[in-house]
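So the structure is just underneath, and the comments pick up after that.
No lab work stands behind these numbers, since they all come straight from the coordinates. Nothing here was measured: the structure is a model prediction, and the numbers come from that model. Here the Cβ is made from the backbone with ideal geometry for all residues, glycine too, and neighbour counts use every protein chain on show.
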Amino acid sequence: MPDPAPDSSPRRRAPRQPAAKPSQPTTPPTASPESLPFPKDRISKLRSATLAWYDTHGRSLPWRQQQDPYRIWLSEIMLQQTTVAAVIPYFQRFTIRFPDVQTLAAAHVDDVLRLWEGLGYYSRARNLHQAAIMVVQNFGGQFPADVKLLQSLPGVGRYTAGAIASFAFDLPAPIVEANTERLYARLLALQDDVRSSSAQKQLWQFAESIVPARRAADFNQAVMDLGAQVCRPEDPNCPQCPLLKCCQAFQSSLQHVLPRRQPRTPITLISELAVVPFQNKRFLLRRRAAHERWAGMWDATRLEISDERRQQIPCPPSHQRSAKPRERSLFPQTAALLDPTLQQQIADQCGALPGILLDSMELTYSVTRYRVQLLTVLCEVSGSTTKRPDTEWFTAKDLASLPLSRTGRQIADWLQSFRERGGSP
Ligand code: SF4
């Protein structure tokens, strides 16, 4: 999974507005620093050096201009598994369309998913919508200034709760995410696999021990920026690091070795077939069920198939291995058909028996540890169809407003180009 991206062109941060402290802030418990392999007497130097560096080098990001908990929460959810550069335009569009938590809570989930389209990990968008409803219904439209209550919101884990509590309310809540995990593991010269529970426990204890009571928001943003810009994964810039004197990895010449991680699970290649039935100038799509990947989004009917079986699907050579629209797209004269077993499997899922293959497209995409080779075929349906509650016929024009996954949108663009090129049985 990608870390939040280092900002390649760091800018000075905007001046911080005075913190709007809650009347009774909830302070998380502080861990005993004695149990950590970090000298207690260096903590105050670490804090002052970090804040001094941040005052000069902190990044200016759209969600740092003020302390609105809604915008901070939104940015933190978007930044999960996604780079800063990718998030910025989504954040800007989202805050124009949904300027506050009330507007988001009142929206239809399809509108939220449509705006999220392309950002991936769509459960985040569904949780975001649910959390907005909870904030409005349970907390009177105000985000709670309490780490535990924030963690009760869907999609808000320990890190995100700490980020909202510190960035929005200036509470001394600890944070550990990809950049701070690497920074802390090096400061501590932590030898364990950073994903292990023992290492995570030490990292969180360390984060608790160093977050200051004053300027907690600036401090947490500073350590994230230090990790992103100075203590970089492959080439830590130790000579320019304000924490050089208290870094145990540097003192042991381990900065290029740490943090240690178990090798990731190898990538597995799989093949998928996506079928789009076509009849009366309309395409049949199905809405993905709550337990499926991309739940709630519209999609072609998909099946995982063996690579051998994929090779047997009759597609002319000119139609292979391209996600781009083809100049010669129609081949009804071949009267190619899927084999009867596949036809029946598709019919069982979407209620339409696919007939002649009209067009095809191949693309590849990655999901978690899988690399998927996806063959999409457009099939004429000549007979009657069975209406199912999770399927709908759409015109090419309808496709633009539907919430779709990234590959779903590529399929939709290809279907639209099929219609624009006059494609018709
Ligand atoms: S001295 Fe080097 S390894 Fe240590 S925190 Fe700074 S950049 Fe990272």
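Within the stretch 161-182, can you find the residues that are within 16 Å of the ligand (Cβ to nearest atom) and without any contact (Cβ under 8 Å) to a residue 60 or more places away in the chain?
Across the stretch 161-182, the qualifying residues are Val176, Thr180.
Just give me the residues in the stretch 255-280 being more than 8 Å from the ligand (Cβ to nearest atom), touching a residue at least 40 places away in the same chain (Cβ under 8 Å) and farther than 24 Å from Ile313 by Cβ, in sequence order.
Quick first cut of the stretch 255-280, residues more than 8 Å from the ligand (Cβ to nearest atom) only: 256-257, 259-280.
So of that shortlist, the ones also touching a residue at least 40 places away in the same chain (Cβ under 8 Å) come out as 259-262, 264-280.
The answer is Pro259, Arg260, Arg261, Gln262, Arg264, Thr265, Pro266, Asn280.
All but one of (1) of a type in the set (Phe, Trp, Tyr); (2) over 21 Å from Pro174 (Cα atoms); (3) more than 10 Å from the ligand (Cβ to nearest atom) hold for Phe219; state the number of the condition that does not hold.
The one condition Phe219 does not meet is (2).
Please enumerate the residues belonging to the stretch 183-201 that are surrounded by fewer than 23 Cβ atoms within 10 Å (Cβ to Cβ) and within 16 Å of the ligand (Cβ to nearest atom). Spell out how you get there, then give the answer.
Step one: list which residues in the stretch 183-201 are surrounded by fewer than 23 Cβ atoms within 10 Å (Cβ to Cβ), which gives 188-189, 191-201.
Answer for the stretch 183-201, where residues must be surrounded by fewer than 23 Cβ atoms within 10 Å (Cβ to Cβ) and within 16 Å of the ligand (Cβ to nearest atom): Leu188, Ala189, Gln191, Val194.
Quick check on the stretch 281-297. Is at least one of its residues within 16 Å of the ligand (Cβ to nearest atom) and assigned to a strand (DSSP E or B)? Reasoning before the result, please.
The initial filter retains those residues of the stretch 281-297 that are within 16 Å of the ligand (Cβ to nearest atom), namely none.
There is no residue in the stretch 281-297 that is within 16 Å of the ligand (Cβ to nearest atom) and assigned to a strand (DSSP E or B).
Identify, please: which residue in the stretch 224-254 is closer than 23 Å to Ser198 by Cβ and within 22 Å of the chain's Cα centre (by Cα) and is, among those, nearest to the ligand (Cβ to nearest atom)?
Among those residues, the one meeting the criterion is Gly227.
Please go through (1) closer than 20 Å to Gly118 by Cβ; (2) touching a residue at least 60 places away in the same chain (Cβ under 8 Å) for Ala400 and return the number of the only condition it doesn't satisfy.
Against the list (1) closer than 20 Å to Gly118 by Cβ; (2) touching a residue at least 60 places away in the same chain (Cβ under 8 Å), Ala400 comes up short only on (2).
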